[in-house]
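These notes concern the structure reproduced below.
The values are calculated or read from the model by the stated rules, or taken from the named source; none is laboratory data. What you are looking at is a predicted structure, and each value in this text was computed from that prediction instead of being measured. Using ideal geometry, Cβ is built from the backbone for each residue, glycine included, and neighbour counts are taken over all protein chains shown. Ligands, DNA and RNA are excluded from the accessible area calculation, which covers all protein heavy atoms including side chains. Shrake-Rupley method; radii C 1.70, N 1.55, O 1.52, S 1.80 Å.
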Amino acid sequence: MTNKTQSTDPSHIDDNKANQEFSGNIYIFHAFDIGDDIDLEKIDKSNKIKKQPLNLPNYFKNYHKPLQVELPHPHDTSSCISVKLSRFGAISLTYKIPFQETFEDLKETVNTIFDKYQEQSVSDANTLFKKIKKFTQQPKFFHQHTSYLLVQLNTNEQVKITSSELKERYGSSIASLVRFETEHLSEYQRNEILDNDIGYYRGDLLIIDKESAFVYDEEYEELLYLFEFANVQQLELHYFDRVLDQQLNIIYEGNVKPLQWRAYLPFIGTTLSGDRIGELGRLKVEISVITEQLQNSVKLAGEPYFSEIYNQLVENLDLPGWQKGIEKKLYIIKDIRTVYQTKIDNIREDLLTVAIILLIFVELVVAFFK
């Protein structure tokens, strides 16, 4: 009777729940934009960077694959399990940090771990940047930086727990964990996070939030590539949004350099370097091409589970919002280019008219004196 009474005592249950330790890994994905373009072919042939085999899931298209390399020595971490270079000027680093502790302890330490590897990633990316700088167009360390964290819980614990039990017993802790909070969230916030869970099999659990996610799944490895790719996609959209803001601010503030007089001459003006219209046009094309590559790098048709995960990732990272903002700014740039081009065309027409009038006048003068 004593044991039965003890097992139903709420305080005893809470103590067991608080003291139960779990093992798993914390994955942190970092991405840096370090230039306009990286020549992957030259890096592949170079002996200064050690290459590693890249085995991406089938849903990644071959012609947009990044180059996987080894982090150059010296470096201070053995937690970096993946380093990838993308042709459009991005470095992607993935860190794996094992843990074994209670959820309450993990809530306290995850912020410290995240901050530590924020600094570590900058150091590691800078080490790699110095090696590939000469293979990069317009190199700069770094234009933009994004990161995402994934908490992976092992399923082979001695005390097996189902996903429904995990949500029921530790839902509040998991919700706080993915929001980087040490205190329990309100019931509304907790339910909003937990109600959007995903799972392929009955015992699986995947919770995706804006800055981090939680996964309880034996076969989670292929999911890592989706999180890494979404973080790189977020990086490029943030970078393009920043570049467009800078260009538009230059125009709004009236800091545009006036065109040289030769730019208004027919034929000659179209070949001049530094042409503002040409710069805006090249920027628009570059952003459109890279955005198309990012959108079409994965093919999830016939993969409903991965498609659902990716769509939720895209929604939580607000990638459609960033995309719409970029498209709106590109449309503004298109209008500005049209205004610039119309102005130049009108001036060129006026110059041609003046030239024709002068030629006619000269002919009349010559004919008069003859």
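How much net charge surrounds PRO57 when only other residues with a Cβ under 10 Å from its Cβ are counted (Lys, Arg +1; Asp, Glu -1)? Present the calculation step by step, with values, prior to reporting the outcome.
Working: positive: none; negative: GLU221, GLU222, GLU303.
Neighbour charge sum, excluding PRO57 itself: -3.
Got a number for the accessible area of TYR95? Probe 1.4 Å, square angstrom, nearest 10.
Looks like 0 Å² after rounding.
Could I have the simple spin-label model distance between GLN246 and TYR305, label points 7 Å from Cα toward Cβ, reported in nm to one decimal?
Rounded to a tenth, the inter-label distance reads 4.3 nm.
Roughly how compact is region 83-160, stated as its Cα Rg over 2.2 N^0.38 Å to two decimals?
Numbers: Rg = 16.7 Å, N = 78, 2.2 N^0.38 = 11.5 Å.
That works out to 1.45 for region 83-160.
Which whole-angstrom value gives the distance between the alpha carbon centres of region 171-200 and region 289-352?
34 Å
Considering only protein heavy atoms, what is the solvent-accessible area of THR162 at a probe of 1.4 Å, reported in Å² to the nearest 10?
60 Å²
As a test of reading the structure, rank VAL365, VAL285 by solvent-accessible area (1.4 Å probe, protein chains only), most first. Kindly include the intermediate steps, with their values, before the conclusion.
Values: VAL365 55, VAL285 90 Å².
Result of the area sort, largest leading: VAL285, VAL365.
Pop out the ³J(HN,Hα) list for region 113-119 in order, Karplus 6.51 cos²θ - 1.76 cosθ + 1.60 with θ = phi - 60°, rounded to Hz; leave Gly and Pro as x.
Taking θ as phi minus 60°, the curve returns 5, 4, 5, 4, 7, 5, 5 Hz for region 113-119.
Could you tally the net charge around ARG87, taking each other residue with its Cβ under 10 Å from the Cβ of ARG87, Lys/Arg +1 and Asp/Glu -1? All intermediate terms of the calculation are to be shown ahead of the outcome.
Values: positive: LYS65; negative: ASP37, ASP39, GLU41.
For residues surrounding ARG87, the net value is -2.
Under 8 Å for C-alpha pairs, at least 6 residues apart: give me the relative contact order for region 68-205, rounded to a whole percent. Kindly include the intermediate steps, with their values, before the conclusion.
Numbers: 101 pairs, mean separation 27.9, N = 138.
Reported relative contact order: 20 percent.
In Å and from the alpha-carbon atoms only, list the Rg and Dmax of region 278-369.
My reading of the Cα-based Rg and Dmax gives 25.8, 89 Å.
Can you list residues from other chains, or at least 5 along the same chain, whose modelled amide H is less than 5 Å from the amide H of GLU101?
PHE22
Which number comes out as Rg/Rh for region 18-70 once both Rg and the Kirkwood Rh are worked out on C-alpha atoms? Numbers along the way, then the final one.
Working: Rg = 17.0 Å, Rh = 14.8 Å.
My calculation puts Rg/Rh at 1.15.
Below 12 Å, Cα to Cα, which aspartates and glutamates can LYS51 reach? Residues fewer than 8 away in the same chain don't count.
Filter leaves GLU41, GLU70.
Can you list the lysines whose alpha carbon sits under 20 Å from that of LYS328, skipping same-chain ones fewer than 8 residues off?
Partners within reach: LYS284.
For region 42-136, what number results from the quotient of the Cα radius of gyration and 2.2 N^0.38 Å?
1.26
What's the carbon and sulfur percent of region 45-140's accessible surface, probe 1.4 angstrom, rounded to a whole number? Write down the numbers at each step before the final one.
Values: 2350 of 5190 Å².
Here carbon and sulfur together make up 45 percent of the probe-accessible area.
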